[in-house]
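Notes for the one structure printed next.
The values are calculated or read from the model by the stated rules, or taken from the named source; none is laboratory data. This is a predicted model, so every value here is computed, not measured. Ideal geometry is used to build each Cβ from the backbone, glycine not excepted, and the neighbour counts take in all protein chains shown. Please note that ligands, DNA and RNA were not included when accessible areas were found on the heavy atoms of the full protein model with its side chains. Shrake-Rupley method; radii C 1.70, N 1.55, O 1.52, S 1.80 Å.
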Amino acid sequence: AEPSPNSGPERLTVDLLERSGWHYSVASTAPWRDLYVWKTEQRAHYSVELTDLTVPVEVVFMDDFVVQGWKDFATLGLATTTGWVEDGELYCLAWAYDTGSENFDVSYLRHEARHLEDLERYPEMDATELEYRAKLTELAFANRTLHRILEDFTAKAAENPASPHAMANWRVVRDIYWQLHGVEMPGTFDSWSGVRVGQVNRAARILLDTSNGRMQGSE
C-alpha cells in the first residue's frame, strides 16, 4: 500500500530536506510515491493561450538534481517526468526543453497550463480526465510536432484505468480517429501519416469543447 505523506519515513525525509535548504517535491506519480530534490531554480512568467481562455503562469525551472524521481531511477536515466503542476505553479526540468521550441510551447506550457486551470476550477477532476484534456490541448495547437505527438500517444496508449497517462492516450487516439473518420479506430491501426494538421487541430478543439460542456454541466 502507498504510504501516507505523514508516515514516519516520509516525514523524516521531508524534515531533513527542509533543514538542508535544498528544493524538493514529494508527490504521487502513478503507480508510486515520488521524490525530486534539486539545488537551483529560476522563475519565469508566461501568458499561455488555451482553446477557451488565456492563463498567466509562473514556471519554476529546476536544475542541479540530486534525486529525479522513480522513473529516472528505474530506467537508468532513459526516461523521466519533465514537469508538473504544484501549488499553483508549473515546475520544469531546465535541461529538458528548448524554451524557444514548439515542443516547449505546446507539449509543456499549454499541456501544464491546462492542468493548472483544470485543477483550479475542477479540483476533484480525476487524473485520467486531467491528462485527456491536456493531451487534447497539445493536439489543438501543435503544427510541426503534431504527427510526432500523435504517434507517441498511440504507442503509449492502453485501456488501463490504473494508468492515467496510458488510459488518456487511449481515449485521445480513439476519439480523434472517430472525429476524423466517423468510425471506430481499427485494432490494427498504427500510423497517422496521412492526416492533415488542421484537421487534427479542429478535431481536438471540438473534443475539448465537448469536454468543457460535460464539466460545466457537472458544476
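Would it be correct to say that ARG171 is farther than 20 Å from ALA203 by Cα and open to solvent by 20 Å² or more (accessible area, probe 1.4 Å)?
no
So which residues in the range 82-139 are touching a His at 6+ places or on another chain (Cβ under 6 Å) and more than 23 Å from ARG205 (Cα to Cα)?
Of everything in the range 82-139, nothing turns out to be touching a His at 6+ places or on another chain (Cβ under 6 Å) and more than 23 Å from ARG205 (Cα to Cα).
Those residues that are assigned to a strand (DSSP E or B), over 27 Å from GLY77 (Cβ atoms) and polar (S, T, N, Q), I need them from the range 18-55; list them, please.
Correct list: SER47, THR54.
Could you identify the single residue in ARG144, ARG196 that is closer than 24 Å to GLU112 by Cβ, at pLDDT 95 or above and of a type in the set (D, E, K, R)?
Going through ARG144, ARG196 in turn, just one is closer than 24 Å to GLU112 by Cβ, at pLDDT 95 or above and of a type in the set (D, E, K, R): ARG144.
Is it the case that VAL66 is touching a Cys at 6+ places or on another chain (Cβ under 9 Å), not polar (S, T, N, Q) and not in a loop (DSSP other than H, G, I, E, B)?
no
Is there a residue in the range 21-41 that is at pLDDT 90 or above, within 25 Å of GLU117 (Cα to Cα) and open to solvent by 50 Å² or more (accessible area, probe 1.4 Å)?
yes
Which of the residues spanning the range 5-20 are polar (S, T, N, Q) and modelled with pLDDT under 80?
Those that are polar (S, T, N, Q) and modelled with pLDDT under 80: ASN6, SER7, THR13.
Could you list, ordered by first residue, the pairs with Cβ atoms under 8 Å in which the first is in the range 77-88 and closer than 16 Å to ASP63 by Cβ and in contact (Cβ under 8 Å) with a residue 12 or more places away in the chain and the second is hydroxyl-bearing (Ser, Thr, Tyr) and part of a loop (DSSP other than H, G, I, E, B), at least 6 apart or interchain?
THR82/TYR97
Kindly list the number of the only condition in (1) open to solvent by 30 Å² or more (accessible area, probe 1.4 Å); (2) outside any strand (DSSP E or B) that fails for GLU58.
Going through the list (1) open to solvent by 30 Å² or more (accessible area, probe 1.4 Å); (2) outside any strand (DSSP E or B), GLU58 breaks only (2).
Scan the range 96-115 and tell me whether some residue there is open to solvent by 40 Å² or more (accessible area, probe 1.4 Å), at pLDDT 95 or above, more than 22 Å from ASP175 (Cβ to Cβ) and in a helix (DSSP H, G or I).
yes
Search the range 175-196 for residues being surrounded by 15 or more Cβ atoms within 10 Å (Cβ to Cβ) and of a type outside the set (Asp, Glu), and hand back the single one that is nearest to THR128 (Cα to Cα).
Within the range 175-196, the match that is nearest to THR128 (Cα to Cα) is ILE176.
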